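**Q** Submitted below is the structure of interest, expressed as structure tokens.
The values are calculated or read from the model by the stated rules, or taken from the named source; none is laboratory data. Predicted model only: the values in this text are computed from it and were never measured. Cβ placement follows ideal geometry from the backbone for every residue including glycine, while neighbour counts extend to all protein chains displayed. Only protein heavy atoms, including side chains, enter the accessible area calculation; ligands, DNA and RNA are left aside. Shrake-Rupley method; radii C 1.70, N 1.55, O 1.52, S 1.80 Å.
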Amino acid sequence: MIIVGEKINTSRKAVSEAVEKRDAAAVQTVARAQADAGAAYIDVNAGTFLEKELELLPWLVETVQATVDLPCCLDSPNPEALKRAMAVHRGRPLINSISLEKERYDTLLPVVSEHPCRIVALCMAQASMPTTAEERIAVAAELIEGLTGAGLALEDIFVDPLVQPVSVDVRMGPAVLDAIAGVMERFPGVGTICGLSNISYGLPARRLINRHFLGLALARGLSAAILDPTDAEIMSAYAAVLMLLGDDEYCANYIEAFERGLFARNA
């Protein structure tokens, strides 16, 4: 599974202050910690700086890639900010995200089809938020058809089933899990991804919910997750679940993670 480190997001106070001051060292410390903990991509998001995003997103890319040899997940709906960030990015970034919302789709499709990248396809339709697994799969099918028709390879598409809090509707958990399984079965070769922590919004003991939801999602075929890889408890659960699902030959990754001290103390 692919882990996208979520922590370089200006909605977090410490990151926002570092970005505002152009404190490269502080940003790089966060990037290195996530890379060392197992992230395959480093998410960069400067969305709270609406008027400065055009300069800040590429600055974040250059700052992160100056200290870690990993691609970035460029987290923005702004096509111009994405183009500027992609121009300085080394390798193929992951773009988060495109949806069926008309303005977003029409402005982002030329960007992702003209530049080498991977893309998160968010199961958001024009009219309303999806509630059922069937609605999510229908949106995913339309997005996959449009993106592959524009030249993107199926294996470069990661469908995000749009995780919504169970505190709002307890049916959201099963709906997302069924959507993951349905998309992976219907479109062999495509990936699935989710912003893991959305599931627990508004509830106590959120990390407990997040790590159990990760295990359930992995069992249904989830292939990538946006999460905090420096959270030892969730990484312990991740390693154990992959091993139990038979995706860790000789338990090698599990043992290596344990020996590197990546597990929670009471794991």
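**Q** State which residue is farthest from the chain's Cα centre (by Cα) when the search covers only the range 21-59 and only residues that are acidic (Asp, Glu) and surrounded by 17 or more Cβ atoms within 10 Å (Cβ to Cβ).
**A** Restricting to residues being acidic (Asp, Glu) and surrounded by 17 or more Cβ atoms within 10 Å (Cβ to Cβ), the top hit is Glu53.
**Q** A follow-up question, please. Kindly indicate which of Pro116, Pro93, Pro79 is in contact (Cβ under 8 Å) with a residue 24 or more places away in the chain and surrounded by 19 or more Cβ atoms within 10 Å (Cβ to Cβ).
**A** Answer to the selection: Pro93.
**Q** Would you mention how many residues in the range 224-255 are among the hydroxyl-bearing types (Ser, Thr, Tyr), open to solvent by 30 Å² or more (accessible area, probe 1.4 Å) and within 30 Å of Arg12 (Cα to Cα)?
**A** Residues flagged as among the hydroxyl-bearing types (Ser, Thr, Tyr), open to solvent by 30 Å² or more (accessible area, probe 1.4 Å) and within 30 Å of Arg12 (Cα to Cα) within the range 224-255 amount to 2.
**Q** Continuing with the same structure: Just to check your reading of the model, which residue among Val163, Val159, Val139, Val111 is buried (at least 22 other Cβ atoms within 10 Å of the Cβ) and part of a helix (DSSP H, G or I)?
**A** Sole residue among the options that is buried (at least 22 other Cβ atoms within 10 Å of the Cβ) and part of a helix (DSSP H, G or I): Val139.
**Q** If you don't mind, another one. Would you check which residues across the range 197-223 are open to solvent by less than 40 Å² (accessible area, probe 1.4 Å) and either part of a helix (DSSP H, G or I) or polar (S, T, N, Q) (or both) and list them?
**A** Scanning the range 197-223 gives Ser197, Ile199, Ser200, Asn210, Phe213, Leu214, Gly215, Ala217, Leu218, Ser223.
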